[in-house]
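*Asks:* Structure in structure tokens, see below.
The values are calculated or read from the model by the stated rules, or taken from the named source; none is laboratory data. Fair warning: this is a prediction, and the values are worked out from it, not measured in the lab. Methodologically, a virtual Cβ is constructed for each residue, glycine included, from the backbone with ideal geometry; neighbour enumeration extends over all protein chains shown. Side chains included, ligands, DNA and RNA excluded: accessible areas come from the protein's heavy atoms. Shrake-Rupley method; radii C 1.70, N 1.55, O 1.52, S 1.80 Å.
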Amino acid sequence: MKHLFFKKGLASLALLAALSAHATNGDNLIGYGPISQAMGGSGVAMGMGPESILKNPALIQTPNQFEFLFSGTYFSPTVTSGFQGGSQQTSKANTFLIPSVAFINKINDQYSFGLGAYGVSGLGVDYRGADANSGLSKMSTSLSLMKFAPSLAYSNENLKVGASLAIMYGTLAISYDRAPNTSVGSESPGKSETLGYGVDLGVAYQLNDYLIGLNYQSAISMTYDYQLKDAASDFQITSEINSDTLTQPDELALGVSRQWDSWGMSLDYRMINWANATGYKEFGWDNQTVYALGGSYKFNDVHTLRFGYNFSPNSPLGQKAIENSTSSARGPINYFNLVGFPATSKSHISVGVTHQFSKGFSLDSALVVSPEESTTALFDADGPGSTSAMTYKTTHAETNLTVAGRWTF
């Protein structure tokens, strides 16, 4: 009964946190609060209050007894797909609200406890209203992940260490209608829900004027019944896709920061292991390296300006996932990657402001923009084995605004 109550509680939050191709590295958000987002998604080596729960639990320190955060993120993605020379359609999944709530409590001078529930990951499109001749099969997908993380940190002089139990709630829904082009017909198994478990580990060390941080997030296995295997059967790729498991990959991040006078700078280097995560591996996703650079300037005791840049040399949909191959399975996998799960973002530009209203309350905000990316791949809308392959094109741009209230006691 307690497990069911907990799962329903996360489900209620996830209904608001449904994501769709947003400010992401792959399907992971670049940051989990307005300070991190405004600074390009960095934060492995810079304390950001409750936001540090998911960036580096070693840094959940506060000079106060208690710090509480509640944030809301408004996402507005623009994704279009279609075959070149044909009808380009715009996904209707273009407006989303993601809430997050977290707190940290100072137990004593050495120990701190934190607890957070964050929308962390997601991807999806909605082409159910697309023209029948667009070749998009009225595809609709929605992957949404929320992470619940109780955390404990220890600090002693220059050394800080921390750990979190990562409890992940996920939902996945895939539907399509290929009847206009083949005899496959429509498929809509509804939404599947699952829980997964892992750990987040962090360490930080103060070296003169620099803080150096390291964060490891374990892989979390997530199984969505009736989704991937059913789709693989309809598209005749069961030899490649034979499981409903979609594992969130393990990540390793290294960061360094420095603060002097009114300035602060933060740089993160992150490696995301998509190529060895069950599900993403079968879909041919590439490993991803991400660089996050952020800066801040404190004008006075009331206003702080932040800015940042997040860049990956490649999206996960690289050569392995999107390639013009003659393999009978390559085309349908290209199609699902490019049309159903277009994780093609490479760069994000961000800016944000903090307004300190009083000693105990501040308001943080962040604006993140990801410029348009265009990606193409071969697929035959008439089904595997036909010789009339077409080139599909997807364009993808993102904008999101996050606002959070912080209370300290």
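*Asks:* Could you tell me which numbered condition R258 fails, if it satisfies all but one of (1) modelled with pLDDT of 95 or more; (2) in contact with an Asp or Glu (Cβ under 6 Å, 6 or more places away or on another chain); (3) open to solvent by less than 70 Å² (accessible area, probe 1.4 Å); (4) not β-branched (V, I, T)?
*Replies:* So R258 meets the others, but not (3).
*Asks:* Something else: Just the residues that are over 17 Å from Q227 (Cβ atoms), without any contact (Cβ under 8 Å) to a residue 60 or more places away in the chain and open to solvent by less than 40 Å² (accessible area, probe 1.4 Å), please, taken from segment 117-150.
*Replies:* Residues satisfying the conditions are A130, S134, P150.
Every residue, every condition in (1) more than 20 Å from P57 (Cβ to Cβ); (2) of a type in the set (A, V, I, L, M), yes or no:
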{"position": "L252", "(1), (2)": "no, yes"}
{"position": "W263", "(1), (2)": "yes, no"}
{"position": "N273", "(1), (2)": "no, no"}
{"position": "A277", "(1), (2)": "yes, yes"}
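*Asks:* Quick check on A153: is it over 23 Å from T194 (Cβ atoms), at pLDDT below 90 and either of a type in the set (F, W, Y) or surrounded by 19 or more Cβ atoms within 10 Å (Cβ to Cβ) (or both)?
*Replies:* no
*Asks:* In addition: Yes or no: segment 113-120 includes at least one residue that is more than 22 Å from the chain's Cα centre (by Cα), within 30 Å of S188 (Cβ to Cβ) and among the small types (G, A, S).
*Replies:* Among the residues of segment 113-120, not one is more than 22 Å from the chain's Cα centre (by Cα), within 30 Å of S188 (Cβ to Cβ) and among the small types (G, A, S), which makes the answer no.
*Asks:* Would you point out the residue of segment 275-297, among those that are of a type outside the set (V, I, T) and within 21 Å of S36 (Cβ to Cβ), that is modelled with the lowest pLDDT?
*Replies:* By that ranking, first place goes to Q288.
*Asks:* Let me spell it out: the conditions are (1) on the phi > 0 side of the Ramachandran plot; (2) modelled with pLDDT of 85 or more, and D109 meets all of them except one. Which number is the exception?
*Replies:* So D109 meets the others, but not (1).
*Asks:* Also: Which of (1) outside any loop (DSSP other than H, G, I, E, B); (2) at pLDDT 95 or above is the odd one out, the single condition N300 does not satisfy?
*Replies:* It fails just one condition, (1).
*Asks:* I'd like the full set of residues that are farther than 30 Å from A204 by Cβ and more than 22 Å from the chain's Cα centre (by Cα), limited to segment 123-167.
*Replies:* Listed by number, the residues that qualify are R128, G129, A130, D131, A132, N133, S134, G135, L136, S137, K138.
*Asks:* E187 is checked against (1) over 21 Å from T391 (Cα atoms); (2) at pLDDT 90 or above and fails just one. What number does that condition carry?
*Replies:* (2)
*Asks:* OK, next. Out of curiosity, is L267 more than 23 Å from the chain's Cα centre (by Cα) and open to solvent by 10 Å² or more (accessible area, probe 1.4 Å)?
*Replies:* no
*Asks:* Of everything in segment 213-249, what is surrounded by fewer than 16 Cβ atoms within 10 Å (Cβ to Cβ) and within 26 Å of Y111 (Cβ to Cβ)? Give them in sequence order.
*Replies:* The answer is Y216, S218.
*Asks:* Would you point out which residue out of L97, L19 is at pLDDT below 95 and assigned to a loop (DSSP other than H, G, I, E, B)?
*Replies:* None of the other options fit; the residue is L19.
*Asks:* Starting from segment 256-273, keep only residues that are under 15 Å from S312 (Cβ atoms), then list their pairs with residues that are of a type in the set (D, E) and part of a strand (DSSP E or B) whose Cβ atoms are within a distance under 9 Å, requiring at least 6 positions of separation or different chains.
*Replies:* Short answer, once both residue conditions are applied: R270/E251; M271/E251; I272/E251; N273/E251.
*Asks:* Quick check on segment 317-358: of everything there that is at pLDDT 85 or above, outside any loop (DSSP other than H, G, I, E, B) and of a type in the set (S, T, Y), which residue is nearest to M139 (Cα to Cα)?
*Replies:* Across segment 317-358, the extreme among qualifying residues is S347.
*Asks:* Take the residues of segment 48-93 that are touching a Leu at 6+ places or on another chain (Cβ under 8 Å), over 24 Å from G33 (Cα atoms) and open to solvent by less than 10 Å² (accessible area, probe 1.4 Å): which is modelled with the lowest pLDDT?
*Replies:* G82
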